[in-house]
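A.B. asks: The structure's right below; bear with me while I get my questions together.
Read-outs: derived from the displayed coordinates by stated rules, not from any lab. Since the structure is predicted, the reported quantities are computational estimates derived from the model, not experimental observations. Don't worry about glycine lacking a Cβ; one is built from the backbone with ideal geometry, like all the others, and counts go over all protein chains shown.
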Amino acid sequence: MKTEYEKYCSNCGQVIDINAEICPKCGVRQFTSPYNRYNSSTVNDDPTISDKDWLTTIVLCAFLGCFGIHRFYTNNTMIGIIQLITLGGCGIWMLVDIILLALGSFKDGDGRYVKNK
Ligand SMILES: [Zn+2]
């Protein structure tokens with residue numbers, strides 16, 4: 001049985017150490033495993049963080065916030081339409097959104113935080 005510190009050789013299927021680059025049995029070089037816990041930190045796989053760009057969102061909010069453009073950008077289409085009709089809640093909603101963005105508490109349409117990465 002394979003443990004979390006082991007993996008299967010991509011060539012012969014032998015159980016080898018997760019960090020092994022060369023299989024000791026067949027000598028074939030291993031592909032980097034996506035489950036390799038030592039290499040996973042370079043990938044942004046946090047499901048709570050939006051893939052929308054924080055800087056783009058805050059610039060859109062600052063300049064076009066009264067039209068709800070930043071809400072359309074972050075997939076909050078319904079709120080975007082309401083903000084467009086109300087001109088960003090007469091500017092108050094737009095200010096609230098800028099503050100939320102600055103604090104990293106602004107959420108996109110999927111409920112993920114738009115943050116400065
Ligand atoms: Zn092998």
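A.B. asks: Rounded, prolate or oblate, given the Cα gyration tensor of the chain, with a/c below 1.5 counting as rounded? If you can, show how the numbers build up before the last one.
C.D. replies: Details: a/c = 4.72, a/b = 4.30, b/c = 1.10.
Here the chain falls in the prolate category.
A.B. asks: Quote the charge dipole size of the chain about the Cα centre in Debye, to the nearest 20; the model charges only the Cβ of Lys and Arg (+1) and of Asp and Glu (-1).
C.D. replies: Here the chain has a charge dipole of around 80 debye.
A.B. asks: Could you work out the relative contact order of the chain? I mean the mean sequence separation of Cα pairs under 8 Å and 6+ apart, divided by the number of residues, in percent.
C.D. replies: Details: 152 pairs, mean separation 23.7, N = 117.
The value is 20 percent.
A.B. asks: I'd like the isolated cysteines in the chain, meaning no second cysteine's beta-carbon lies under 4.7 angstrom from theirs.
C.D. replies: Lone cysteines by the Cβ rule: Cys61, Cys66, Cys90.
A.B. asks: Determine which lysines satisfy two conditions relative to Lys7: a Cα distance under 26 Å, and not lying fewer than 8 residues away in the same chain.
C.D. replies: Lys25
A.B. asks: Let me ask something else. Relative contact order (percent) for segment 53-101, with alpha-carbon contacts under 8 angstrom and 6 or more residues of separation?
C.D. replies: Working: 55 pairs, mean separation 18.4, N = 49.
Once normalised by length, the contact order is 38 percent.
A.B. asks: Relative to the longest principal axis of the C-alpha atoms of the chain, give the angle of the C-alpha long axis of helix 92-103, reported between 0 and 90° and rounded to the nearest 10°.
C.D. replies: Long axis of 92-103 versus the principal axis of the chain: about 30 degrees.
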